[in-house]
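Any read-out appearing in this document is the output of simple, stated calculations on the displayed coordinates, not a laboratory observation. Values in this document were obtained by computation on a predicted structure and should not be read as measured data.
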Amino acid sequence: MSRHGALHVLVDGHNVLHLDPRLRGLIAASPERARAELERLLANRPRVVLFYDGGPGGVVSEARRQGLAIDYSGAGSADDRIMRWLLFHPDARATLVSDDAELTRRARAVGARILPARGFLDAVQGGPEAPVKPDRALSPAEVDEWMKIFGVEE
């Protein structure tokens, strides 16, 4: 399946949280604080969707904070929500950030590109991007920059 639309980065939140020693340490003390720190790292980055297992009240919900789209799986799994997103956005050029072998296999099968979580964390921990209006289309130069940041090649 070929994807040609806007570039989106889908982040398997808990997978990324458990990869980083500092974030993993925060999880033990306060899962909410760990999630808030990851959200801070990703704030104001256009076309990033952060997926979490669970969520407020145990129901599927979506939120937007600091220019970041956040999707909570409720009683289901974030993996299933990610796959649902990919299937409902067949034209989007999507890059999945995860080290989950089964999820990355499934996502690759529907045309998503895969970025290992460590490379992603290294890129975003280099510093926050300048705030960008989340509802405007990315320019070709911005798409190229995202592709370089996340190590994705055409």
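Where only DSSP H runs of four or more residues are counted, the chain gives -12500 deg cm²/dmol as its mean residue ellipticity at 222 nm, each run worth -39500 (n - 2.57). Max-minus-min Cα coordinates of the chain on each principal axis give 41, 31, 27 Å, with the largest extent listed first.
Tell me, in nm to one decimal, what length is gained between Arg24 and Ala137 on full extension, where the rule is 0.36 nm per residue of separation less the Cα-Cα distance?
Answer, rounded to one decimal: 37.3 nm.
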